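Read the structure below first, then the notes.
The values are calculated or read from the model by the stated rules, or taken from the named source; none is laboratory data. Because the structure is a prediction, the values reported are computed rather than measured. For neighbour counting, all protein chains shown are included, and Cβ atoms are generated from backbone atoms with ideal geometry for every residue, glycine included. Accessible surface is based on the protein model in full, side chains and every heavy atom, while ligands, DNA and RNA are left aside. Shrake-Rupley method; radii C 1.70, N 1.55, O 1.52, S 1.80 Å.
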Amino acid sequence: ETIDPIRLNPSGGWGHWNGPTAIDGIEWFASADDLCRLMAALWSLGAQPGLEPVREILTGNRYGIADTATWPRAGYKGGYEAGVVNMTFVLERHDGRVFFVSAGYNDPARIVDTATARAYLDPVFACLGSAQDTSVCA
């Protein structure tokens, strides 16, 4: 219950960690490019014989991607802490084209609303799902 000098109290917000705390010094610092490259590398591994479960793991959580006609396979991996949210997606379109999308949100003053953060990505997914030239989605 106690780690000197912090008393841990789960019902009280775990000490002083009930809001953003030093998010510019102790959080992760992988860029969106880093996270997309990592997801792409894992996706490629999952194409190798015997490693198919890797893709099953990556697509185990669609996190609101309900359109299975456009996105037969979709997956989400993310992280959250007060003031910090990361959302990284793999999206396999109906024509077999695969996209990797990552967004990070940081607010040193308040808790980030994950529903609002996720909603910001809906236009990106809609564009990627319908555009032949996906460079217009950037």
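Filtering the stretch 82-105 for residues that are in contact with a strand residue (DSSP E or B) (Cβ under 8 Å, 6 or more places away or on another chain), aromatic (Phe, Trp, Tyr) and farther than 30 Å from residue 24 by Cβ leaves an empty set.
For the stretch 86-116, the set of residues classified as β-branched (Val, Ile, Thr) and crowded, with 17+ Cβ neighbours inside 10 Å consists of 88, 90, 101, 112, listed by residue number. Residues in the stretch 120-138 that are at pLDDT below 90 and among the aliphatic types (A, V, I, L, M): how many? Final tally of qualifying residues: 3.
Residues of the stretch 70-85 that are at pLDDT 95 or above and either open to solvent by less than 30 Å² (accessible area, probe 1.4 Å) or over 14 Å from residue 36 (Cβ atoms) (or both): 70, 71, 72, 73, 74, 75. Within the stretch 123-138, the set of residues being under 15 Å from residue 93 (Cα atoms) and either touching a residue at least 12 places away in the same chain (Cβ under 8 Å) or open to solvent by 20 Å² or more (accessible area, probe 1.4 Å) (or both) comprises 124, 125, 126, 127, 128, 129, 130, 132, 133, 134, 137. All conditions but one from (1) open to solvent by 50 Å² or more (accessible area, probe 1.4 Å); (2) touching a strand residue (DSSP E or B) at 6+ places or on another chain (Cβ under 8 Å); (3) in a helix (DSSP H, G or I); (4) not aliphatic (A, V, I, L, M) apply to residue 36; the one that does not is (1).
Against the condition without any contact (Cβ under 8 Å) to a residue 12 or more places away in the chain, over 21 Å from residue 37 (Cα atoms) and either surrounded by 14 or more Cβ atoms within 10 Å (Cβ to Cβ) or not charged (D, E, K, R) (or both), how does residue 119 come out, does it pass? So residue 119 passes the test. State whether one or more residues within the stretch 20-27 are farther than 20 Å from residue 134 by Cβ, within 13 Å of the chain's Cα centre (by Cα) and open to solvent by 50 Å² or more (accessible area, probe 1.4 Å). No; the residues of the stretch 20-27 include none that is farther than 20 Å from residue 134 by Cβ, within 13 Å of the chain's Cα centre (by Cα) and open to solvent by 50 Å² or more (accessible area, probe 1.4 Å).
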